[in-house]
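The values are calculated or read from the model by the stated rules, or taken from the named source; none is laboratory data. The structure displayed is predicted, hence computed values, not measured ones. Note that we place each Cβ from the backbone using ideal geometry, even for glycine, and neighbour counts take in every protein chain shown.
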Amino acid sequence: MKIKFTISACLLALLIVGCGGKTEKKEDGFSVERKKSTEQAVETPESTNEVPASQRITLDNKGVGQIKNITLDPEIDQEMATSGGELFKTNCTACHKTDRRFIGPKMEGILERRSPEWVMNMILDPQLMVEEDRCAKDLLVEFNGAAMANQNLTVEQTRSLLEFFRTL
Amino acid sequence: MKKIYYLIGGLLGLTLVYMGCNRAAGPNTNGALASSAAEKVYVAPGEQDEFYAFLSGGYSGNLTVYGLPSGRMFKEIPVFSQFPTSGYGYSEETKPMLNTSHGFIPWDDLHHPDISQTNGELDGRWIFVNGNNTPRIARISLETFETEEIIEIPNSGGNHSSAFITENTEYVIAGTRFAVPVPQRDMPINEYKGNFKGALSFISVAPETGRLDLKFQVLMPGFNYDLSHPGRGKSHGWHFFSTYNTEEANTLMEVNSSQNDKDFIAAINWKKIEDYVNNGGGTKMATNYAHNVYSHETHTGTTTMKKEVVTVDPTEIEGAVFFLPTPKSPHGCDVDPSGEYIIGSGKLSADLTVHSFTKMLAAIEGEKFDGEAYGIPILSFDDVMAGIVKSGGLGPLHTEFDANGNAYTTFFISSEVVKWRLETWDVVDRKPTFYSVGHLMIPGGNSRKPFGKYVVAMNKITKDRYLPTGPEMEHSAQIYDISGEKMELIYDFPTHGEPHYAAGCPAELLASKSKKIYRLDENKHPYGINNPSEARVERNGKEVHVYMGTIRSHFTPDNIEGIKVGDKVYFHITNHEQDFDVPHGFSILGQNTSELLIMPGQTKTSVWEPKQVGVWPFYCTDFCSALHQEMQGYVRVSPANSNIELSWSLGE
C-alpha cells in the first residue's frame with residue numbers, strides 16, 4: 001500500500017514537472033484581421049497629413065513652450081552629450097529606446113524629423129505640447145494615447161539630452 | 001409713452017427687489033444669516049483655504065489634515081496605525097515604524113498634535129503627536145506630511161499629557177496619565193499608594209534634523225498627569241501639568257479619584273532640571289524602548305532598541321517642582337499668549353481657576369507653602385490664584401486664546417464655548433456646540449501669536465447633526481467666526497476617528513514648501529533601481545527579490561517566471577515618475593498585506609508568499625493615465641520542485 005502510494009506520488013510529481021517544464025501549445029487566437037493600421041491615426045478628420053506623425057518631417061515647427069530658438073554648434077559637445085546620455089537612461093528609457101519604437105518613438109534620427117526647439121519643448125512640458133501642438137497631438141494618438149510623462153528636468157538637463165540625441 | 005411705463009415699472013420692480021434684498025439681509029432672518037455664514041466658509045472651486053488644521057484621529061491612530069474655513073479634508077496621515085491606503089505599516093520599509101518593546105503594534109490612540117515653534121511662534125517645520133495606549137511620541141514632517149520618527153516612552157502608561165513642545169522646540173514633553181510601578185515589576189495593585197510613580201518625559205528635539213532623544217524623566221508622585229502646556233515668554237523654561245487622582249486610588253476611580261476638593265497643577269522648572277542633568281545629575285535606569293526613524297533618502301524606517309534612561313528625583317533639586325492647588329480634578333491646563341496666566345479647568349466644576357505666573361514666583365520666593373506632598377512644596381492657593389471665571393457653564397475642559405486678550409473655553413456637560421476676558425475674568429459671549437464638546441482649536445491658539453479668526457470646536461457626540469449612518473456616527477465639529485465681539489457659528493462638518501486636540505496654522509506657512517516629488521537621483525534605497533535597465537529578479541534560496549520599475553503605464557518587468565510555491569517574493573518597486581501627484585500602486589492576487597502606493601521617485605517593498613501554482617496577475621491600483629487599465633502583469637508560479645529558470649521580461 002505504502003509502495004503504491006509512493007509510486008503514484010512519483011508519477012504525480014513527474015506529471016507536475018512535465019506540465020511545468022513544457023511550453024504549452026501556442027494558440028494563435030482568433031483570426032479576424034486585428035493588426036493595427038498606423039494609417040488609421042492620420043485618417044481622423046482633424047488630420048491633414050497622410051504620413052504618420054512619427055514619420056513626418058516637421059523641422060520648421062519649433063513647438064509650443066519656453067524654448068524659442070536654439071543654435072547648435074557644428075561640433076558636438078561630448079561632455080554634454082555624455083551627461084545627456086546618463087539622464088536619458090534614468091529618465092527616459094522606461095518609454096523610449098534609441099533604436100526602436102517602444103512606448104514612445106525611437107530616438108535615432110529624431111533631429112532629422114524634429115527641430116531642436118520642438119524636442120526640448122516636448123521634454124519640458126509635454127502636456128502643453130499635446131494641447132497646443134498638432135504634431136504632438138497626432139503622436140499621442142499614434143502611440144495609443146500613452147501620454148508622455150513630465151520628468152521635471154531643467155532647461156540645462158534638457159539641452160544635454162538634445163546633445164545626446166545628436167550623437168545617435 | 002409705453003416706454004415710460006416700462007421704465008417706471010422696471011424701476012419699481014427693481015426697487016422692490018432691492019428692498020427685498022435689504023430686508024433679507026437684516027439680522028432677524030435666518031435665511032440671510034445662513035447665506036452670510038455660507039459666504040464665510042465658501043471656498044470657490046479652484047480656490048484654496050486660508051488655514052491648515054491638523055485634527056487628531058483619536059482611536060484611528062492617525063492625523064487628519066483639513067482646510068479652514070471650508071472644513072474640507074485633504075489627507076489622512078498614518079502615524080500609529082497601519083494604513084492600507086498607502087501601505088504604511090504593511091510595506092517592509094514602514095513596518096519598523098510600529099515596533100515597540102512589546103513587539104509590532106499596529107494601532108494606537110492619537111490625541112494631541114502640536115506644531116513646532118521658534119520664539120513661541122509657529123514655524124511649521126514639524127508636528128508632534130502622542131500615542132496614548134502604548135506610550136509613544138511621533139514627529140511628522142510638514143514638508144512631506146509623513147511620519148518620520150516614533151519614539152517609545154518607557155516607565156509611562158497612558159501617555160496623555162503629551163505631546164506639547166516648548167517655545168523653541170527644545171523639548172517635546174510627554175507625561176503619563178496612569179501612574180505605574182517604575183521600573184515595571186510584579187507587585188500587588190492595591191499597594192499603588194506611595195509606590196507607583198508618574199513619569200514626566202522630556203524628549204529633546206535636534207534643531208536641524210528634529211531627531212528625538214529621551215533626555216530625562218522626572219519621577220513624580222503617583223498621581224494622574226492629565227494635560228499640560230508649556231510656559232512661554234516670561235514663563236519660558238517652565239511646564240505646567242494638570243493632575244487628578246491625587247487620592248492615589250486604584251479602583252472605582254470615578255468615585256475614589258474625586259474625593260479631594262482640590263488637586264494640583266504641577267509647575268516644573270525644566271531649565272533647572274536640564275542644568276542638573278547636564279551637570280551629571282540624575283540616575284541611569286536600565287530600561288527597554290524602541291526608537292524608529294524613517295529616512296527619505298533610503299525611504300526606509302529602522303528601529304533601534306534603547307536600553308537606558310536618566311531619571312530624576314525632583315525633590316533632590318531645590319526649586320524645581322511645585323504644586324498649585326486647583327479645584328475639582330482639573331483637565332485642561334492652558335497658558336495664555338503672554339505666559340502669565342495658567343488656566344485650570346476643574347472638569348467637575350462650573351468655574352475656571354486662573355493662576356498667575358508672577359504670583360507663583362512671589363509665593364515661591366516668600367515660601368507661601370500650604371504643606372508638601374512627597375517632599376514637593378504645595379503653594380498656598382490664595383497666593384497663586386489670579387482670578388476665577390464664573391462661567392455659568394458646567395464641565396470646563398480646554399481653553400485657547402486669540403490675540404486680543406480673549407480666552408475661549410469648552411464646556412463638555414453644558415455643550416458650549418464660552419468667551420471671556422483675561423484679567424477682568426468676565427464672560428462676554430457663549431454659543432452652544434453640537435454636542436458635548438471636548439477640545440477646541442484656534443490656529444496658533446497655543447503660542448505667543450494666535451491667529452484669532454476661527455475657532456473649531458470638536459465634539460464627542462453627533463446625534464442628529466448629519467444623516468444617520470447606523471449606530472456609529474463620525475464625530476461632529478463646528479467652526480465659529482471669532483473676528484467680532486460675538487462668536488458666530490458658521491459651519492458644521494464631520495471628522496474622522498475621534499479628534500481630541502488639533503493644531504492649525506496659516507496656509508502660507510506650509511503650502512509653498514510642501515514637497516512635490518522625491519528626486520530619483522537622491523533615492524538611496526538599497527533595492528531601488530535608478531532606471532529600467534536595472535530591473536531584474538534575483539533568487540537567494542527561497543527568497544526572491546524583484547527589482548521593478550514603474551512609469552505611465554507599465555511595470556518593468558511585467559512577465560516573471562520561475563517563482564515557486566514556498567518562495568518569499570519581495571517586490572521592490574521604484575516609481576520612475578518625476579511629476580507631481582503621479583503615484584503608482586501595486587497589488588498582486590493573494591498578497592497577505594495591503595497594496596503599495598509609491599510616490600514619484602520612491603521605492604517601496606511588498607512581500608508575497610504564493611501558496612498556489614498558477615499564473616497570477618498584478619496591477620497598478622492608482623488610476624495613473626488613460627492606459628492605467630493596461631498597467632498590469634503576470635507572475636508564473638510553479639510547483640516547489642519545478643526546475644523552471646527564473647526569467648523576466650517586458651515587451652518580448
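When residues of the range B:281-307 are filtered for being surrounded by fewer than 16 Cβ atoms within 10 Å (Cβ to Cβ) and within 20 Å of B:V205 (Cβ to Cβ), how many remain?
The qualifying residues number 3.
Is there a residue being crowded, with 22+ Cβ neighbours inside 10 Å, more than 12 Å from chain A (Cβ to nearest Cβ) and in contact (Cβ under 8 Å) with a residue 40 or more places away in the chain anywhere in the range B:573-580?
There is no residue in the range B:573-580 that is crowded, with 22+ Cβ neighbours inside 10 Å, more than 12 Å from chain A (Cβ to nearest Cβ) and in contact (Cβ under 8 Å) with a residue 40 or more places away in the chain.
Of everything in the range A:131-146, what is in contact with a Leu (Cβ under 7 Å, 6 or more places away or on another chain) and crowded, with 19+ Cβ neighbours inside 10 Å? Give them in sequence order.
Of everything in the range A:131-146, just one residue is in contact with a Leu (Cβ under 7 Å, 6 or more places away or on another chain) and crowded, with 19+ Cβ neighbours inside 10 Å, namely A:A146.
Return a yes/no flag: does the range B:494-515 have any residue that is in contact (Cβ under 8 Å) with a residue 40 or more places away in the chain and within 14 Å of another protein chain (Cβ to nearest Cβ).
Looking through the range B:494-515, at least one residue is in contact (Cβ under 8 Å) with a residue 40 or more places away in the chain and within 14 Å of another protein chain (Cβ to nearest Cβ).
Checking the condition more than 28 Å from A:F143 (Cβ to Cβ) and surrounded by fewer than 22 Cβ atoms within 10 Å (Cβ to Cβ), which residue from B:E630, B:E609 passes?
Every option except B:E609 fails the conditions.
Determine which member of the set B:V637, B:V615 is within 11 Å of chain A (Cβ to nearest Cβ), of a type outside the set (G, A, S) and touching a Pro at 6+ places or on another chain (Cβ under 7 Å).
It is B:V637.
Here is a yes/no grid of residues against (1) within 23 Å of B:Y570 (Cα to Cα); (2) crowded, with 22+ Cβ neighbours inside 10 Å:
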| site | (1), (2) |
| --- | --- |
| B:L467 | no, no |
| B:G484 | no, no |
| B:G497 | no, no |
| B:Y501 | no, yes |
| B:A507 | no, no |
| B:S512 | no, no |
| B:E522 | yes, no |
| B:P532 | yes, yes |
| B:V537 | yes, no |
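Yes or no: B:T593 of a type in the set (S, T, Y), outside the structural domain of B:P96 (by TED's automatic domain parsing) and in contact with a helix residue (DSSP H, G or I) (Cβ under 6 Å, 6 or more places away or on another chain)?
When the stated conditions are applied, B:T593 does not pass them.
Condition (residue is of a type in the set (G, A, S), in contact (Cβ under 8 Å) with a residue 60 or more places away in the chain and closer than 23 Å to B:D275 by Cβ) applied to the range B:176-195: is it met by at least one residue?
Within the range B:176-195, not a single residue is of a type in the set (G, A, S), in contact (Cβ under 8 Å) with a residue 60 or more places away in the chain and closer than 23 Å to B:D275 by Cβ.
Could you check the range B:559-572 and list, in sequence order, the residues that are outside any loop (DSSP other than H, G, I, E, B) and within 13 Å of another protein chain (Cβ to nearest Cβ)?
B:E561, B:G562, B:I563, B:K564
Looking at A:P105, A:P126, which one is touching a helix residue (DSSP H, G or I) at 6+ places or on another chain (Cβ under 8 Å) and within 14 Å of chain B (Cβ to nearest Cβ)?
A:P126
Residues checked against (1) over 24 Å from the mean Cα position of the chain (by Cα); (2) more than 23 Å from B:T144 (Cβ to Cβ); (3) hydrophobic (A, V, I, L, M, F, W, C); (4) modelled with pLDDT of 95 or more:
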site: B:S476; (1), (2), (3), (4): no, yes, no, yes
site: B:P494; (1), (2), (3), (4): no, yes, no, yes
site: B:E498; (1), (2), (3), (4): no, yes, no, yes
site: B:A507; (1), (2), (3), (4): no, no, yes, yes
site: B:E522; (1), (2), (3), (4): yes, no, no, yes
site: B:P526; (1), (2), (3), (4): yes, no, no, yes
site: B:V537; (1), (2), (3), (4): yes, yes, yes, yes
site: B:N540; (1), (2), (3), (4): yes, yes, no, yes
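Within the range B:512-558, track down each residue that is charged (D, E, K, R), touching a Leu at 6+ places or on another chain (Cβ under 9 Å) and part of a helix (DSSP H, G or I).
Correct list: B:K513 only.
With the structure loaded, tell me whether B:Q591 is within 14 Å of another protein chain (Cβ to nearest Cβ) and either without any contact (Cβ under 8 Å) to a residue 60 or more places away in the chain or over 40 Å from the mean Cα position of the chain (by Cα) (or both) or whether it fails that test.
Numbers: within 14 Å of another protein chain (Cβ to nearest Cβ): no; either without any contact (Cβ under 8 Å) to a residue 60 or more places away in the chain or over 40 Å from the mean Cα position of the chain (by Cα) (or both): yes.
So B:Q591 fails the test.
Which of the strands (runs of 3 or more DSSP E) found entirely inside the range B:287-373 contain at least 1 residues meeting this: aromatic (F, W, Y), more than 28 Å from the chain's Cα centre (by Cα) and assigned by TED's automatic domain parsing to the domain that holds B:K272?
Per the criteria, B:321-327, B:369-373.
Being of a type outside the set (F, W, Y) and assigned to a helix (DSSP H, G or I) is the filter here, so list the residues in the range B:235-286 that pass it.
The answer is B:S235, B:M253, B:E254, B:V255, B:N256, B:K271, B:K272, B:I273, B:E274, B:D275, B:V277, B:N278.
For B:P600, are the conditions met, namely being within 13 Å of chain A (Cβ to nearest Cβ), in contact with an Asp or Glu (Cβ under 7 Å, 6 or more places away or on another chain) and either surrounded by 22 or more Cβ atoms within 10 Å (Cβ to Cβ) or part of a loop (DSSP other than H, G, I, E, B) (or both)?
Taking the combined requirement at face value, the residue satisfies it.
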